[in-house]
Amino acid sequence: MMAIDFTLSEDQKALQRQAREFAEDVLKPLVAKADAEPDPQKGFQAIKPAYVQAYRAGFAMGFLPKEYGGLGISNVDLQIAAEEICAVDPGLACVLLVNGLALMPLLWFGSAEQKKKWLTEATSDPTGEYLAGWVVSEPAGTPGGTANFDHPDAHPFGHGVTADHDRGAGEYVLNGTKYWPSSAGGWDLKGANVNTVTVRTDRSKGGRDGMGAVLVPRGTPGVRYEPVIDKIGHRLNQNNNMVFENCRVPEENVFAVGDGDLIISKAFTWSGPVAGIAAVAVARAAYEYTLRWAKTYTAGGDQPIIYHQVPGYMLADVAMKIEACRALCWRAAHYLDMYDSEGHAIGAMSKVYCTETMFEAVFQCMQVMGVNALDRVHPLEKQLREAVVLPLYDAGNVGMQRRKIWGVMADADFDPRAFLDSKPITFKKSMEGLGVKPVVPELARV
């Protein structure tokens, strides 16, 4: 008998039901008003009651191991819960996901003492308001160090935020600006409970050797949070600037010195299938709404448009894309479960393919509805705004995720049948950096 089985276990069915009920009964009543709020920080604050309930239900920290107070859910389980929440609003779901982006690196690269202190704290907040911020992205510019975090040249190329080691004081001193970090400002723009910040720990080295991560707790002097970015989508997810000015952090808050590049690569591998399933969820919601519309709307004819070939074919295409993308996300998540999230290529594949395919699917649903889809009385307008975010964020498909797939494929030892045969692929630093320093032809220099 084949081992492949897509049937949910009883526990997974219960998880799916719990997530669906939370999304429909707790989150949905808050979404429309929060999404329409002109002030993005107030919109973020408006979903705090839903976040607290999500925290208490285990959705905010459930990915952490039981030994630290989490639920120890698998990546596949995370897919099941995330789809239900994202079908209602992927912005709030992104806030939950960011907790993982910030804390999973500590699980992979931190010391036993660091894991016990910070992960236990994250799962035991009696208020249910605990937020962990993921602070990687930096302002665009020349140089600008987000996508090119693994640039081989020394500072200022690559990551610009520096953490200079003051050995005499036993501290690292942070300077620079981060742009787009999620949840970093916290509920009151005075900081998340803890922010995981990727930094340049050695200015003389390139991105593959000179980076690390720093845990910056709320209330640390030398940090300020600038106004929240006003986005077209994911408006319930906070993004802002985080500025460091001689911010001093104790040595015990620093980890993965020399391996900060691996933190970024692995974290955005872990989140890849989650971003992919978020896209599936948004497209699913658009498809289900449009299908109901097509079964009642006649467009002035004598029968609903579902009985016309073009709308029927278009909706059939959308349904096929949704099922295919869900299967790819589940496959990628299963692979990550097998190899401790070491699945950099397949994680990126699920993110790239599914977010781009599902954006097309949402637009196809709008085509079926025609100009009616533009009326905000229908959810398609918001769903398109949400769908367009997904290929661009979480290590953008063009800037970072495709390059990661390329780097794995270009390795001399890459086995193109590895995923077919469920074999592990060890991610190496040599797989990073492709394309970040292309050779410029002499003609272009003139």
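The values are calculated or read from the model by the stated rules, or taken from the named source; none is laboratory data. Note that this is a predicted model, so its numbers are computed, not measured. Cβ sites come from the backbone with ideal geometry, for glycine too, and all protein chains shown count toward neighbours. To get the accessible areas, we keep the full protein, side chains included, count just its heavy atoms, and leave off ligands, DNA and RNA. Shrake-Rupley method; radii C 1.70, N 1.55, O 1.52, S 1.80 Å.
Each peptide in 320-330, 259-269 was scored by the mean count of other Cβ atoms within 10 Å over its residues; highest first, the order is 259-269, 320-330. Return the label of the correct value of volume of the Cα convex hull per residue in Å³, as calculated from the structure shown, out of (i) 176; (ii) 243; (iii) 139. Read-out from the structure maps to (i). All distinct Cα pairs of region 1-130 go into the 1/r average, and the inverse of that average, the Kirkwood radius, is 15.7 Å. How big is the antiparallel share of DSSP beta bridges in region 96-218, given as a percent to the nearest 5? Of those bridges, close to 70 percent are antiparallel. Looking at 51, 103, 63, which one has the Cα that reaches farthest to the positive end of the dipole of region 1-127 (charges on Cβ: Lys, Arg +1; Asp, Glu -1)? Comparing the listed Cα positions along the dipole, 103 ranks first. Only beta bridges with both residues in the chain are counted; by DSSP, about 85 percent of them are antiparallel. Solvent exposure of region 356-446 amounts to 57 Å² per residue of accessible area, where only protein heavy atoms count and the probe is 1.4 Å. Fully extending the segment from residue 111 to residue 423 would add 109.5 nm, taking 0.36 nm per residue of separation and subtracting the current Cα-Cα distance. Considering only 423, 351, 205, the mean-square fluctuation computed in a Gaussian network model of the chain, springs between alpha carbons under 10 angstrom, is largest for 423.
For the chain, taking a cut-off of 4.7 Å between Cβ atoms, the unpaired cysteines are 86, 94, 247, 329, 365.
What translational diffusion coefficient, to the nearest whole µm²/s, does region 190-259 have by Stokes-Einstein, given a Kirkwood radius computed over alpha-carbon pairs, a temperature of 10 °C and 1.306 mPa s viscosity?
The calculation lands on 117 µm²/s.
Applying 1/(1 + (r/R0)^6) with r as the Cβ-Cβ distance of residue 246 and residue 392 and R0 = 35 angstrom yields a FRET efficiency of 0.60. A Cβ-based charge dipole, computed about the Cα centre of the chain with Lys and Arg at +1 and Asp and Glu at -1, lands at about 340 debye. Surface composition of the chain: carbon plus sulfur atoms contribute 56% of the solvent-accessible area (1.4 Å probe, protein chains only, all chains present). Less than 5 angstrom separates the built amide H of residue 133 from those of 194, 195, 196, all sequence-distant by 5 or more or on a different chain. Our helix-only sum for the chain, with -39,500 (n - 2.57) per DSSP H run of n ≥ 4 divided by its residues, gives a mean residue ellipticity at 222 nm of -13500 deg cm²/dmol.
What accessible area per residue, rounded to a whole number of Å², is obtained for region 110-167 using a probe radius of 1.4 Å? List each step's numbers first, then the result.
Values: 2500 Å² over 58 residues.
Ligands and nucleic acids excluded, the figure is 43 Å² per residue.
Each residue, residue 371 and residue 414, gets one label point 7 Å from its Cα in the Cβ direction; the gap between the two is 4.8 nm.
The gain in end-to-end length when the residue 17 to residue 230 segment is fully stretched comes to 73.4 nm, 0.36 nm per residue minus the alpha carbon separation. Put a dot 7 Å past the Cα of residue 288, heading toward its Cβ, do the same for residue 169, and the two dots end up 5.4 nm apart. With a ≥ b ≥ c the root eigenvalues of the C-alpha gyration tensor of region 131-255, is it rounded (a/c under 1.5), prolate (a/b larger than b/c) or oblate? It comes out oblate by the Cα gyration axes. Under a 10 Å cutoff between Cα atoms, tell me which one of 60, 256, 332 has the largest fluctuation in the Gaussian network model of the chain. Residue with maximal mean-square fluctuation among 60, 256, 332: 256. Site pair residue 303 and residue 36 shows an inter-label distance of 3.8 nm when each label is modelled 7 Å from Cα along Cα→Cβ.
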